[in-house]
1. Of A43, A102, A82, which has the largest mean-square fluctuation in a 10 Å C-alpha GNM of the chain?
2. Decide, for segment 70-151, between rounded, prolate and oblate: order the square roots of the alpha carbon gyration tensor eigenvalues as a ≥ b ≥ c, take rounded if a/c falls under 1.5, and otherwise choose prolate if a/b is larger than b/c, else oblate.
3. By how many nm would the segment from Q93 to F159 lengthen if fully extended, with 0.36 nm per residue of separation less the alpha-carbon distance?
4. Rounded, prolate or oblate, given the Cα gyration tensor of segment 12-170, with a/c below 1.5 counting as rounded?
5. For segment 115-147, state which GluC sites (Glu not before Pro) are in a DSSP loop and have at most 16 other beta carbons lying within 10 Å of their beta carbon.
6. Roughly what % antiparallel, to the nearest 5, for the DSSP beta bridges in the chain?
7. For the ranges 119-129, 57-67, what's the packing order if you count other beta-carbon atoms within 10 Å of each residue, average per peptide, and put the highest first?
Amino acid sequence: MGRAYLTMRQRVPCVVSACLLGLPCRYDGRSNFFPLAARLVQAQLAYPLCPEGLGGLPIPRLPCERVGKRVLCRDGRDLTCAFQLGAQKAYRQSLALGARYALLKSRSPSCGIGQIYDGSFRKKLIPGYGLWAEALLQRGFILFSEEELAECSDVSTFFGLCRQREHLGR
Ligand code: SF4
């Protein structure tokens, strides 16, 4: 995959979960490549961020899930501080970039939108947001998950959907 590199000095309308770009930053060392994310970054219209990496979490790592305000690891460790640190760093970078839209990985305890795992590590979903997604939502960002955009492959359709949602105020 060819990549266009942006610096933090450039302003972009959108941030994306780095694993959607194909970067192997998932807990298991894999990625969730999503072509639209790559197109946005190649067009220098989006910047990739991984809050869990910014929080200092290693790759690979055990899966973690939100349990209320805490984030617990499958082995029972409380990793809330690292998750909060990463979410705050990613949030501040999103603001510094001038972004107002985000394309994020579904169900993640950091990036999930609308639905996340329930903390039982049994793949059960409950309504909720990952920590970074929650901070962006509270700031008024327009959020999309890659699952919602399964049928959307081009950049201009994506920004049309963003503006539509912005107009509707959600
Ligand atoms: Fe992807 Fe977000 Fe998890 Fe990083 S924190 S691997 S960007 S889902």
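1. Evaluated over the chain, the most mobile residue of the options is A43.
2. Numbers: a/c = 2.60, a/b = 1.28, b/c = 2.04.
Oblate is the answer for segment 70-151, as a/c is 1.5 or above yet b/c matches or exceeds a/b.
3. Details: separation 66, 0.36 × 66 = 23.76 nm, distance 2.06 nm.
Extra length from Q93 to F159 when fully extended: 21.7 nm.
4. prolate
5. In loop regions of segment 115-147 (DSSP not H, G, I, E or B), the sparsely surrounded GluC sites (Glu not before Pro) are E147.
6. Values: 8 of 20 bridges.
Counting DSSP beta bridges with both partners in the chain, the antiparallel share is about 40 percent.
7. Details: 119-129: 13.1, 57-67: 17.8.
Ranking, from highest mean packing down: 57-67, 119-129.
Read-outs throughout are calculated quantities, based only on the coordinates presented, and are distinct from any laboratory measurement. Note that the structure is predicted; figures quoted are calculated from it, not measured. Neighbour counts run over all protein chains shown; Cβ positions are idealised from the backbone, glycine included.
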